[in-house]
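Take a look at the structure set out below.
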Amino acid sequence: MSSTPHYTIRPVSVGALTIGKSHLVFGVGYGEMIDSVVLMYYVEGAGRRVLVDTGCCDVESSTRNHYPLRRSPEEEPVKALANIGVAPADIDTVICTHLHWDHCYNHELFTNAKFYVQRTELQYAAAPHPMNCKAYESTTIGMTPPFSKTRFEVLDGDAEIAPGLTAVFAPGHTPGMQGAAVNTTDGVYFIAGDNLPLYANWEGNQLQKHIPGINFVNVDDYYRTFQLIERMADHILPGHDPKVLEKAVYP
Ligand SMILES: [Zn+2]
């Protein structure tokens, strides 16, 4: 009997947004501006080359429509991948944690990939609550969503993408969020997307074991997802924390 394959995970930065900390950690750090790195996670193992999320738009569009973005030449998406030895055409799979603008640009680069999204997310993105429209760059406010030409593989709940690599339905930050549970030599890493923007969300404080971000539709779903992550994960990888870049590869 063969054992479950092990994967490695590399965080790839495509820039940093300037954003209020309280936006990422509800009720914490009002007025404090922080760097929110925009990440793609590259997962490799068992002959598979997978990206979890694909980054955001260019500096000009980001700054005009959302938040100021700083991006060095090394953080241009194609260059950032080249820096870890990956060409976009090598990617066989893209797992979209959710369809916010800072996670799902650049799909056109990955010409050989299958794109996985939860049905609930795709449906919600079609007509979000007005509060969430800009984050989806929704047609309902006259924008063109970055994923509008993507042919998705639509998931209804948890799905094994490959042995030891599972897309996990994890509503919270958005109604159709998914995370990626990745088997490694050091247990299961859970790539949490924006359910956990920073390590600080997971570390919590004296009042809350874990702290949501400011964006959610159903906070009870969010808390159930925290419990799900507790059960599944030996380690978490957050959606926007610059600290993840202190290691080139996990584990
Ligand atoms: Zn988001």
### Query
Can you tell me how many residues in segment 208-239 are touching a residue at least 60 places away in the same chain (Cβ under 8 Å), more than 16 Å from the chain's Cα centre (by Cα) and either under 18 Å from Gly187 (Cα atoms) or away from the ligand (no atom under 16 Å from the Cβ) (or both)?
2
### Residue satisfying all of: in segment 97-122; within 13 Å of the ligand (Cβ to nearest atom) and touching a Phe, Trp or Tyr at 6+ places or on another chain (Cβ under 6 Å); farthest from Pro175 (Cα to Cα) among these
Cys104
### Task
For segment 172-180, indicate whether the set of residues that are within 21 Å of Ile95 (Cβ to Cβ) and surrounded by fewer than 15 Cβ atoms within 10 Å (Cβ to Cβ) is non-empty.
no
### 2 or more residues touching a residue at least 40 places away in the same chain (Cβ under 8 Å): qualifying strands (runs of 3 or more DSSP E) within segment 63-156
93-95, 114-118
### Task
Would you check if there is a residue in segment 185-197 being among the β-branched types (Val, Ile, Thr), touching a residue at least 40 places away in the same chain (Cβ under 8 Å) and over 20 Å from Tyr250 (Cα atoms)?
no
### Task
State whether the residues of segment 25-43 include one that is in contact with an Asp or Glu (Cβ under 6 Å, 6 or more places away or on another chain) and in contact (Cβ under 8 Å) with a residue 40 or more places away in the chain.
yes
### Task
Would you check which residues across segment 198-207 are in contact (Cβ under 8 Å) with a residue 24 or more places away in the chain and surrounded by fewer than 19 Cβ atoms within 10 Å (Cβ to Cβ) and list them?
Tyr199, Asn205
### Query
Does any residue of segment 174-195 turn out to be out of contact with any Phe, Trp or Tyr (no Cβ under 8 Å at 6 or more places or on another chain), away from the ligand (no atom under 16 Å from the Cβ) and β-branched (Val, Ile, Thr)?
yes
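No lab work stands behind these numbers, since they all come straight from the coordinates. Fair warning: this is a prediction, and the values are worked out from it, not measured in the lab. Cβ: placed from backbone, ideal geometry, glycine included. Neighbour counts: every protein chain shown.
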